[in-house]
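The structure appears below as structure tokens.
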Amino acid sequence: MKSVACLNEAPRDQLPEIAFLGRSNVGKSSLINSLLGTKLARTSSTPGRTQLINFYLVNQKFYFVDCPGYGYAKAPDSIRNQWHRLMEEYLESREPLKLNVLLLDSRVAPTPLDEQMLEWLMAYQKPLTLVLTKIDKLSSNELREAHRRLQRWTQNSSFIDYSAIQHIGRRELWREILNALSAPLRSPVVRS
């Protein structure tokens, strides 16, 4: 529907939004394509491909929001700083935002930036679902270790295993999204 570099360009129709967050190359665009059953969001093996906030209108009722990744990206520091400011403004002030889906790569331990994002979302009491991506790339033993690592990291918070290729976790994530869409809109948290 629309790609924006600043929030005053974002849709103004107040339709609910589901934001997909995570480090660069964690699989946000692939997960969106998997959920929608079509290749809508652009994917790339190059970290930092998503450089704007991309709004995808779903069934004329709500938006999937593909956000720029944090962490390593093939982009200048000035561009990455701009992404950071844009994302902070979006997460703090966007009233239609109903759910933040934080993606974590199952193959690697959560990074300090993952931890910072999780702590920020929890401190501001933002609606959150954790998704462990790329599980199809792990053996069953590696997946069990990834589960233990994530449970220690989140102090036993629940999460959804997901494979964009095999559509594992698709039904569970849709359930979380539909539950969030049926919840009343929250007012933004304002810093004092």
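The values are calculated or read from the model by the stated rules, or taken from the named source; none is laboratory data. It should be emphasised that the depicted structure is a prediction, and the values quoted were computed from it without experimental measurement. Virtual Cβ from ideal backbone geometry, glycine too; neighbours counted across all protein chains shown.
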Hey, L132 out of contact with any helix residue (DSSP H, G or I) (no Cβ under 8 Å at 6 or more places or on another chain), more than 19 Å from L97 (Cβ to Cβ) and among the hydrophobic types (A, V, I, L, M, F, W, C) or not: no
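Just to be sure, is S45 over 14 Å from the mean Cα position of the chain (by Cα), modelled with pLDDT under 85 and among the polar types (S, T, N, Q)?
Numbers: over 14 Å from the mean Cα position of the chain (by Cα): yes; modelled with pLDDT under 85: yes; among the polar types (S, T, N, Q): yes.
Against the criterion (over 14 Å from the mean Cα position of the chain (by Cα), modelled with pLDDT under 85 and among the polar types (S, T, N, Q)), S45 qualifies.
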Which listed residue, of V108, V131, V101, is at pLDDT below 95 and among the aliphatic types (A, V, I, L, M): V108
Per-region count, segment 1-42, residues modelled with pLDDT of 90 or more, farther than 29 Å from A109 by Cα and of a type in the set (S, T, N, Q): 1
Residue match in segment 113-134 (condition: closer than 17 Å to R170 by Cα, assigned to a helix (DSSP H, G or I) and basic (K, R)): no
